[in-house]
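Quick notes on the structure that follows.
The values are calculated or read from the model by the stated rules, or taken from the named source; none is laboratory data. These numbers come from a predicted model, not from an experiment. Every residue, glycine as well, gets a Cβ built from its backbone with ideal geometry; the counts of neighbours run over all protein chains shown.
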Amino acid sequence: MRILHKWKKTAEELPRFWFVDRLHHVVNARASLDETERRIDLLQLMLDVATSNEIKDDNNSDVIPKKLQYEEVVNNAFLFMIAGYETTSTALTYCTYILATHPTVQEKLRKEIEEYPDNNESDYDRVHNMVYLDSFIREVLRMFPIAPKATTRECNTTTTVCSYVIEKGSVIQPDMLSLHYDPNLWGPDDPNLFIPERHLTRRHPVAYMPFGQGPRNCVGMRFALMEIKSCLVHLLTQYIILPGDEMEQKFKILDVHFVRQPEALYIKLAKRF
Ligand code: HEM
């Protein structure tokens, strides 16, 4: 009994459980606010459809119940925190690596940023027309997809694709790296080279999938791209990014976690003004 109690206490202190416990507090606090204290955010939208009653799935139709249990609200909030931070920060790490190793690309980006001065408009409006910045990030995510293992689908009907039989219930995962480096899809320039301009040519619709594909692709994609663009504009305006000591030696990509990230990135920042 004592061992069980000790195990329970240790488990409760693990980051995941600790975090979910905090989220329960936040969700309960928000759920108890009255109408005048409503906020306009995703959590509010989820709470608006949350219920403590049992939700019955209708197995005989395709209708999905438009209700959530409070536990599902907490789990969705958890998923957003997990999916929303490490991914964007890792994408920014790869962007910084490319900037440090490609000074011409860095200068070209800075030139584009200067063409759209900060006229007190929001970053959202400012970065909207920066075509080279957009191609730059696309190229970074082509060469360094952050979550290649995140896109999986379960086959719901036995089917044949290119003479391969895929049984109902099989889980399929596209080989994102092979697609992103396929010379037939990304040529004529060598896919191993960093060339943002290749994204100005129309490609096969599934040649590129850093955010997954289809109706269940990454729900945070637009937000992530906006965050990355906004951050790069401010970084490049104020600093010149240079390679740090032992940068290449430490830039070993680890493919062990859900997010594919380098062991470390050492760069130097030189203030511009
Ligand atoms: C560079 C940044 C990001 C990358 C590369 C990325 C990548 C992905 C990928 C590959 C998937 C699986 C999609 C599929 O199965 O088709 C996914 C799902 C998801 N992402 Fe992202 N993501 C990023 C940023 C974000 C951010 C900022 C958020 C939230 C604010 C977010 C929230 C989610 C959620 C909730 C899902 C699950 C969607 C579902 O199952 O319907 N992601 N992401």
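Here are the numbers for the structure shown:
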item: Breaking point among (1) more than 9 Å from the ligand (Cβ to nearest atom); (2) surrounded by 11 or more Cβ atoms within 10 Å (Cβ to Cβ); (3) modelled with pLDDT under 95, for Pro148; result: (1)
item: Among the candidates Ala100, Ala91, residue that is under 30 Å from Ile253 (Cα atoms) and under 19 Å from the mean Cα position of the chain (by Cα); result: Ala91
item: Filtered residue count, the stretch 149-182, keeping only those that are free of Cβ contacts under 8 Å to residues at least 24 places away in the same chain and of a type in the set (A, V, I, L, M); result: 5
item: Any hit, the stretch 121-134, residues being out of contact with any His (no Cβ under 7 Å at 6 or more places or on another chain), surrounded by 13 or more Cβ atoms within 10 Å (Cβ to Cβ) and over 15 Å from Leu225 (Cβ atoms); result: no
item: Those residues of the stretch 178-216 which are among the polar types (S, T, N, Q) and surrounded by fewer than 14 Cβ atoms within 10 Å (Cβ to Cβ), in sequence order; result: Ser178, Asn184, Asn192, Thr201
item: Number of the exception - Asp175 against (1) surrounded by 14 or more Cβ atoms within 10 Å (Cβ to Cβ); (2) within 28 Å of Thr90 (Cα to Cα); result: (1)
item: Restricting the stretch 216-239 to residues that are assigned to a helix (DSSP H, G or I), within 13 Å of the chain's Cα centre (by Cα) and of a type outside the set (A, V, I, L, M, F, W, C), the residue that is nearest to the ligand (Cβ to nearest atom); result: Glu227
item: Odd one out for Ala100 among (1) within 16 Å of the ligand (Cβ to nearest atom); (2) part of a helix (DSSP H, G or I); (3) small (Gly, Ala, Ser); (4) closer than 24 Å to Tyr266 by Cα; result: (1)
item: Residue that is farthest from the chain's Cα centre (by Cα), among those in the stretch 183-197 that are outside any loop (DSSP other than H, G, I, E, B) and touching a residue at least 60 places away in the same chain (Cβ under 8 Å); result: Glu197
item: Residue count, the stretch 238-264 (criterion: modelled with pLDDT of 95 or more and within 22 Å of Ala147 (Cβ to Cβ)); result: 0
item: Candidates Val219, Val233 - the one that is of a type in the set (A, V, I, L, M), more than 27 Å from Leu185 (Cα to Cα) and either surrounded by fewer than 16 Cβ atoms within 10 Å (Cβ to Cβ) or touching an Asp or Glu at 6+ places or on another chain (Cβ under 8 Å) (or both); result: Val233
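Conditions tested, residue by residue: (1) within 16 Å of the ligand (Cβ to nearest atom); (2) farther than 29 Å from Asp255 by Cα; (3) of a type outside the set (Phe, Trp, Tyr).
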{"position": "Ile137", "(1), (2), (3)": "yes, no, yes"}
{"position": "Val140", "(1), (2), (3)": "yes, no, yes"}
{"position": "Asp175", "(1), (2), (3)": "yes, no, yes"}
{"position": "Trp186", "(1), (2), (3)": "no, no, no"}
{"position": "Asp189", "(1), (2), (3)": "no, no, yes"}
